[in-house]
1. Note down the nm distance, to one decimal, between modelled labels 7 Å out along Cα→Cβ at A:A2 and at A:Q24.
2. As I understand it, the dipole of segment B:1-82 uses +1 on the Cβ of Lys and Arg and -1 on the Cβ of Asp and Glu, about the Cα centre. Which of B:N61, B:L11, B:H47 lies farthest toward its positive end?
3. Per DSSP H run of n ≥ 4, the term is -39500 (n - 2.57); total these for the protein assembly as shown, divide by its residue number, and report the mean residue ellipticity at 222 nm rounded to 500 deg cm²/dmol.
4. Each residue of segment A:236-251 in order: what ³J(HN,Hα) in whole Hz does its phi give by Karplus 6.51 cos²θ - 1.76 cosθ + 1.60, θ = phi - 60°, with x for Gly and Pro?
5. At a 10 angstrom cut-off on C-beta neighbours, averaged per residue, how do the peptides A:33-41, B:180-188 rank from highest to lowest?
6. Want the number for A:E224 to A:N242: 0.36 nm per residue separation, take away the alpha-carbon distance, what's left?
7. Which distance in nm do the two modelled labels at B:D142 and B:K179 give, with both placed 7 Å along the Cα-to-Cβ direction?
8. Using only C-alpha positions, report the orientation-averaged shadow area of the convex hull of segment A:164-285, nm², one decimal.
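The values are calculated or read from the model by the stated rules, or taken from the named source; none is laboratory data. This structure is a prediction, so every number in the text was calculated from the model and none was measured. A quick note on method: Cβ atoms are made from the backbone with ideal geometry, for glycine too, and the neighbour counts reach across all protein chains shown. All accessible areas refer to the heavy atoms of the entire protein, side chains included, with ligands and DNA or RNA removed. Shrake-Rupley method; radii C 1.70, N 1.55, O 1.52, S 1.80 Å.
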There are 2 protein chains.
Amino acid sequence: MASTIKDVAKLSGVSPSTVTRVLQDKSSISEATKKKVREAMASLNYHPNVNARSLASNKTNVIGVVLPKDSDIFYQNSFFPAVIRGISQTAADHQYSIQLCTGKDTNQRLAILKDTILGKRVDGLIFLYGEIEDPLVEFAIDQEFPAVVIGKTLSPLISFVDNNNEKAGFDATEYIIQKGAKSIAFIGGRDQLFVSRDRLKGYEKALKKYDIPINDSLIAQVSEFTREQGYHTLKELLKEGNIDGLVTADSLFTEGAVRYLNEKQIHLPIITFDSVQPSVRIDAYVDIHTLELGRSSFKLLRNVIKSYNNKNMMCYRQIIDHSIKEM
Amino acid sequence: MASTIKDVAKLSGVSPSTVTRVLQDKSSISEATKKKVREAMASLNYHPNVNARSLASNKTNVIGVVLPKDSDIFYQNSFFPAVIRGISQTAADHQYSIQLCTGKDTNQRLAILKDTILGKRVDGLIFLYGEIEDPLVEFAIDQEFPAVVIGKTLSPLISFVDNNNEKAGFDATEYIIQKGAKSIAFIGGRDQLFVSRDRLKGYEKALKKYDIPINDSLIAQVSEFTREQGYHTLKELLKEGNIDGLVTADSLFTEGAVRYLNEKQIHLPIITFDSVQPSVRIDAYVDIHTLELGRSSFKLLRNVIKSYNNKNMMCYRQIIDHSIKEM
DNA sequence: CTGAAAGCGCTTACAG
DNA sequence: CTGAAAGCGCTTACAG
């Protein structure tokens, strides 16, 4: 059997509570005692049982990472691995583990989330998506459970970290304008997604700044995030008239669009948004600094947890830079 | 405060142990009692505390998923999201949660793994990679801790699930041969990776079957998984002479290679291996059925855990089909 | 600077 | 079919 805190206490000639205090490196414990106890731990190869600890202390040192439903585009995107990387890097620095919350549909996901919160599996949650009226986020708010959303959210009661997507859309469009384009198409996702909507706003602002009239027939809002949609949407847009530049809100669109352009041997300046360098060759992409989104979300969550423990429920917001990367 | 098992016991007029048995749906409990207890649970909005449960029962209903170090190519690959999806689907069906184990280097990862095993955070482990002499896998074996590797492994003491990569390499190559190619290039990863090595073996077998001489100057083993490597490797291969077909062991290679071919306006039949449809247009890809790899790994792990509990430590192996998908 | 005691919320033999 | 008791391995006031 694995050794327990009692074994360590016995071997080092102190009480179990003192062993706990050594584990917590309390300043009240003398160095001599600490040394003694640590030696005992080492010689017994002692490792604290986290379940006992969680039960007694009412904290788990685990955070839950909530994913969209598992058929989501999300799983085909470079965003997911990158943001997980960022979160887990920072989490590891603070001795936190990561538990995944996902499921096949909203019902299953909500059930799992309830079990996660009410079963006291985690100390806090990071939602990897921002959606209007998400029942999971609402449940967390309802339970006054510490949580951070990566992405925009309407509720004033929840913390979030996000890019300035409007500014990013503006910068992207300006980049294409500076390539000499005047007739710039935009392919985005459905309007309910904050990200797409904000990037589109930025696109329009940039056109205005450069006195380029906004032409609705150059703007496509696509319901499904797929390459096929990118392919066909661009094809349709080209029928509408001349296009000499392209801004896409997602790399999957870009891949489809580029395929069509290659087939037709058309050359356009193109920019998109991504977490890593896109797989097709285009002019540039807006790097949304996903690693940093992940890292910051964890740091924010720690602050939220602390403030909840002090009963003064704070809400934090943070905007992460983006940058244009030429390829 | 959240209600506990005692509250439920009191309200329904039974003992706490009976409440536990209802929770476990034991057949020894009468339906009348079950009904009564369940009503009490519902009215109190009772949810079991998983930490208390884990402590008392010595099982957590959590499995750990072990990732390579976080700078790995792995995180750029479609494999990761797909296999996570497969695991979590099956895990959800069995009331299991998933905890992630990763870190910046082998040391940190090993420390986290030790804490995970010795701290009793999880009931078993799934390793998402197969490598020669991995210290983490060895630690798990040493501790006689239930684990499954996705990928090949040399140790006879550990369970795994994998594709038949040699057969997959054979099938891929045969596909290209049937397109009429005779001078077929192969781009794979470094020889230490079981996957690459086995696919290469299959390639050679296929050539033999069709009496095509093996030409070493058409075979490249690339150390780094990047698009740039794909690009340059193909460029070099083409210098060596004529190529009329291409097999690549990873989609990132393919993307790079295709970029070069497009630039040079060269057309070749190409096949690669992937978890989802590759982003560049090629002839076909070998779908390695990653979702199924994930699902099976979880099922295997459950069996391993059961057999360890019965003190007869079983070791399971399972091969997952692949299939060629034309594009 | 340290210890004794109570408790966290479950489960599991044991007994009937 | 069900209950009383002991225990899982920690932590946390309280007390000195």
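1. Result: 2.1 nm between the two label points.
2. B:L11
3. Calculated from helices alone, the mean residue ellipticity at 222 nm is -14500 deg cm²/dmol.
4. Working through the residues one at a time gives 5, 4, 5, 5, 5, x, 6, 9, 10, x, 9, 10, 10, 8, 8, 5 Hz.
5. So the peptides A:33-41, B:180-188, ranked by packing, come out B:180-188, A:33-41.
6. Values: separation 18, 0.36 × 18 = 6.48 nm, distance 2.48 nm.
Gain on extension, A:E224 to A:N242, equals 4.0 nm.
7. Simple spin-label model gives 4.7 nm for this pair.
8. Values: hull surface 26.1 nm².
Answer in nm², one decimal: 6.5.
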